[in-house]
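First the structure, in the form of structure tokens, and then the observations on it.
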Amino acid sequence: MRLTAEQIGRAIQRILRAAGATETESERVGFRLANANLVGHDSHGLIRVCQYADQLRDGTIRSGAELKLVAQFGAVAVYDANLGFGQLAAETTTEEGISRAREFGVSVIGLRNVSHVGRVGDWAELAADEGVISFHFVNSPAKPGVSPFGGIERRMATNPICAGYPVDGSAPLIVDMTTSSVAEGKLRVASAAGNSIPEGWILDREGNPTTDPNDYYNGGALLTMGAHKGYGLSLVVDLLAGAFTGGKTVSPHETVNRNNMLSIFMDTKACSLQDDANEIASSYLSWIKDCTARDPTAPVLVPGEPEAREKRSRSQAGVPVPDGVWRQVVATADALGLSESELLDRTLLSTGHG
């Protein structure tokens with residue numbers, strides 16, 4: 001099945017409305033999840049609506065929750081989302097960070113006790129579009145799924161880190177990655193589709209390498225990327241996002257599924273060297289991309305380009321949705337009293353080439 005981003009957004013919106021979200025929440029979250037699918041990050045797209053509907057039911061997402069400013073000092077501010085929708089809170093605090101960076105040259109914004117913030121690259125792109133460099137660190141206090149280097153038990157979360165750098169005349173450089181071997185959502189997509197995964201992503205509960213994504217959900221653990229290097233980065237992310245913001249680090253005593261995010265913003269116009277910086281950045285990235293490729297059919301790319309290419313492709317051909325993922329979405333809708341025909345206009349669905 002192939003769907004347009006608009007169809008995916010509409011399906012998400014209808015499910016979230018039926019689950020109790022407001023019209024604004026449903027529309028904004030639907031847009032962000034559909035955009036994740038559109039740029040190729042299916043682990044943060046349509047499949048997440050099943051999780052969000054469950055969280056609305058169990059109260060770990062609170063529709064209409066107030067985003068509250070709990071601390072500020074000059075260019076630094078910390079907000080508590082009270083378990084509100086992550087996409088709405090992260091968009092608001094990113095805009096706040098951009099505004100404070102315009103005033104002070106740099107700003108630091110903490111966001112704590114927020115539901116899943118979605119694709120972190122969205123917030124780096126939002127800042128880059130305004131000529132602002134940004135760094136984002138995200139943790140999940142109650143959701144350990146990653147073993148520390150040399151261990152087999154779950155002690156850390158996937159702890160993503162993201163950076164965005166605007167580049168004049170081209171798309172921004174966006175580095176968006178987990179400090180684990182892979183995002184947990186990719187395991188979810190593989191499991192739903194009945195696919196195996198590469199060795200080196202996870203261990204089973206006995207500590208053995210495995211290519212079955214279901215072994216993770218049966219007590220296994222994700223590995224860190226780059227062995228001890230990813231482990232070190234993960235610890236830093238947990239401290240920045242969890243300790244500095246007051247939102248807590250991973251602990252066996254934390255039971256509420258949520259995110260914390262620390263973001264740092266730097267206005268590119270904060271000093272008189274902007275023209276020099278733009279020229280250096282453009283020249284540097286051009287030199288990197290001009291490197292001879294090992295495979296002539298696969299030129300060297302910089303982070304952000306694969307997403308841009310995928311967006312162009314999927315905008316034309318549609319977003320491929322595995323049958324297993326669609327079945328999960330339909331089951332979630334059915335539990336909320338929505339039929340598959342109500343979820344989307346059946347005449348707009350495509351089972352061929354989009």
Check your understanding: Is it fair to say L126 is without any contact (Cβ under 8 Å) to a residue 60 or more places away in the chain and buried (at least 18 other Cβ atoms within 10 Å of the Cβ)?
Key -> yes
Practice item. Looking only at region 80-104, count how many residues are of a type outside the set (F, W, Y) and outside any helix (DSSP H, G or I). Key: 5
Check your understanding: Where residues in region 93-127 are small (G, A, S) and touching a Cys at 6+ places or on another chain (Cβ under 7 Å), which of them is farthest from A36 (Cα to Cα)?
Key -> A124
Review point. If you check V76 against the conditions, is it at pLDDT 95 or above, assigned by TED's automatic domain parsing to the domain that holds V106 and either under 19 Å from the mean Cα position of the chain (by Cα) or over 26 Å from G318 (Cβ atoms) (or both)?
Key: yes
Point to revise | Pairs, first in contact (Cβ under 8 Å) with a residue 12 or more places away in the chain in region 209-227, second in a loop (DSSP other than H, G, I, E, B) and of a type in the set (F, W, Y), C-beta under 9 Å, six or more apart | key: T211/W201; P213/W201; Y216/W201; L222/W201; L223/F149; L223/W201; T224/F149; A227/F149
Point to revise | Of all residues in region 22-47 being within 20 Å of P213 (Cα to Cα) and of a type in the set (A, V, I, L, M, F, W, C), the one that is surrounded by the fewest Cβ atoms within 10 Å (Cβ to Cβ) | key: I47
Check your understanding: Does at least one position in region 187-208 carry a residue that is within 21 Å of the chain's Cα centre (by Cα), at pLDDT below 95 and of a type in the set (D, E, K, R)?
Key -> yes
**Study point:** Any chance G226 is assigned to a loop (DSSP other than H, G, I, E, B) and closer than 23 Å to M261 by Cβ
**Key:** yes
Practice item. Assess whether T249 counts as being part of a loop (DSSP other than H, G, I, E, B), hydroxyl-bearing (S, T, Y), in contact (Cβ under 8 Å) with a residue 12 or more places away in the chain and within 30 Å of A101 (Cβ to Cβ). Key: yes
Practice item. Answer yes or no as to whether T60 is part of a loop (DSSP other than H, G, I, E, B) and out of contact with any helix residue (DSSP H, G or I) (no Cβ under 6 Å at 6 or more places or on another chain). Key: yes
Review point. For region 146-180, how many residues are of a type in the set (G, A, S), buried (at least 22 other Cβ atoms within 10 Å of the Cβ) and more than 30 Å from A281 (Cβ to Cβ)?
Key: 2
Exercise for review: Select from region 293-314 the residues that are closer than 19 Å to I47 by Cα and either of a type in the set (S, T, Y) or in contact with a His (Cβ under 9 Å, 6 or more places away or on another chain) (or both) and list them in ascending order.
Suggested key: E307, E310
Check your understanding: Restricting attention to region 206-237, which residues are under 12 Å from V146 (Cα atoms), surrounded by 15 or more Cβ atoms within 10 Å (Cβ to Cβ) and not hydroxyl-bearing (S, T, Y)?
Key -> G220, A221, L222, L223, M225, G230, L235
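The values are calculated or read from the model by the stated rules, or taken from the named source; none is laboratory data. Remember, predicted model here, so these are calculated numbers, not experimental data. Virtual Cβ from ideal backbone geometry, glycine too; neighbours counted across all protein chains shown.
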